[in-house]
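Written below as structure tokens is the structure these notes are about.
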Amino acid sequence: ALDVEVGTVAVIKANAGPKYEPTEGKTLTVVNGVEIVPNGNSGIWEKALTPNKYYMHPDAFDVIFLATTKRVYSYTGTGTVSVKSDRPTENNSIEVRTMDGYDFPVDVRVSVKIDALNAPYVVALLKDPDADADKDGFDILEEKAVLPSLRSIFRNSAEDKGAIEYVQSRSEIEKSATTKFKADMEIFKIDVDKV
């Protein structure tokens, strides 16, 4: 039995079953070259399995478990503590350079969530977003989506401000960063609570 625990969903890639042929009025969803199909067909199923037990042959189905709980990523000048473990990762601080030439780290914390309805899309785009593919303490979601976006947003927000002005406009920068980060994460169908 496939046991899907609370706080997770199971995205299924069926290796067996009929090939989905869209009927008139329906279209085939393709993400990153991967077909997302109605459940029961061969391919990534469009509806993730919610918490329960399911009887599925392990050779016929590949399963990717995906956390649907809130994910909090924190970045400080001394690095971060990985969401997956309590061990500190390498220094991944977000360092900015202001218009007047000052370099300094900016403390950033973000809260994101993957909705169960969007889980197949996220898997088609990132494969297993919770995996630490290169064993560096960052999951794929953080490494490919969250961190690059945040670094770009905060570096760009500093380029036209002096250091003192940058520090004094914290609320404005936070509000602007939240709006920009939400737009960046829409591409990945990831919900953003706050930056």
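The values are calculated or read from the model by the stated rules, or taken from the named source; none is laboratory data. Since the structure is predicted, the reported quantities are computational estimates derived from the model, not experimental observations. So basically every Cβ, Gly included, is an ideal-geometry build from the backbone, and we count neighbours across all protein chains shown. These accessible areas exclude ligands, DNA and RNA; they are computed on the full protein's heavy atoms, side chains included. Shrake-Rupley method; radii C 1.70, N 1.55, O 1.52, S 1.80 Å.
Out of all the residues in the stretch 175-195, is one or more open to solvent by 90 Å² or more (accessible area, probe 1.4 Å), over 29 Å from residue 29 (Cα atoms), at pLDDT 90 or above and in contact with a strand residue (DSSP E or B) (Cβ under 7 Å, 6 or more places away or on another chain)?
The answer is no; no qualifying residue exists.
In the stretch 3-26, which residues are touching a residue at least 12 places away in the same chain (Cβ under 8 Å), of a type outside the set (D, E, K, R) and surrounded by fewer than 16 Cβ atoms within 10 Å (Cβ to Cβ)?
Passing the criteria: 6, 7, 15, 16, 17, 18.
Considering (1) under 24 Å from the mean Cα position of the chain (by Cα); (2) farther than 30 Å from residue 95 by Cβ; (3) assigned to a loop (DSSP other than H, G, I, E, B), say which one residue 43 fails and leave the rest.
With respect to (1) under 24 Å from the mean Cα position of the chain (by Cα); (2) farther than 30 Å from residue 95 by Cβ; (3) assigned to a loop (DSSP other than H, G, I, E, B), residue 43 is out only on (3).
Please work out if residue 64 is β-branched (Val, Ile, Thr), touching a residue at least 24 places away in the same chain (Cβ under 8 Å), in contact with a strand residue (DSSP E or B) (Cβ under 6 Å, 6 or more places away or on another chain) and farther than 17 Å from residue 6 by Cα.
Values: β-branched (Val, Ile, Thr): yes; touching a residue at least 24 places away in the same chain (Cβ under 8 Å): yes; in contact with a strand residue (DSSP E or B) (Cβ under 6 Å, 6 or more places away or on another chain): yes; farther than 17 Å from residue 6 by Cα: no.
Here the answer is no, as residue 64 does not meet what is asked.
Consider only pairs whose beta carbons are under 6 Å apart and that are at least six residues apart or on different chains; among these, list those whose first residue lies in the stretch 143-163 and is among the acidic types (Asp, Glu) and whose second residue is open to solvent by 30 Å² or more (accessible area, probe 1.4 Å).
Final answer for the pair search is 160/99.
Assess whether residue 151 counts as being among the basic types (Lys, Arg), in contact with a strand residue (DSSP E or B) (Cβ under 9 Å, 6 or more places away or on another chain) and buried (at least 17 other Cβ atoms within 10 Å of the Cβ).
Working: among the basic types (Lys, Arg): yes; in contact with a strand residue (DSSP E or B) (Cβ under 9 Å, 6 or more places away or on another chain): yes; buried (at least 17 other Cβ atoms within 10 Å of the Cβ): yes.
In short, yes.
Considering each of 129, 105, 58, 148 in turn, give the residue that is farther than 30 Å from residue 17 by Cβ and at pLDDT below 90.
When all the criteria are applied, what remains is 105.
Got a number for residues in the stretch 50-66 being in contact with a helix residue (DSSP H, G or I) (Cβ under 9 Å, 6 or more places away or on another chain) and part of a strand (DSSP E or B)?
Of the residues in that region, 2 qualify.
State the number of residues belonging to the stretch 27-40 that are open to solvent by 80 Å² or more (accessible area, probe 1.4 Å) and in a strand (DSSP E or B).
Counting residues in the stretch 27-40 that are open to solvent by 80 Å² or more (accessible area, probe 1.4 Å) and in a strand (DSSP E or B) gives 1.
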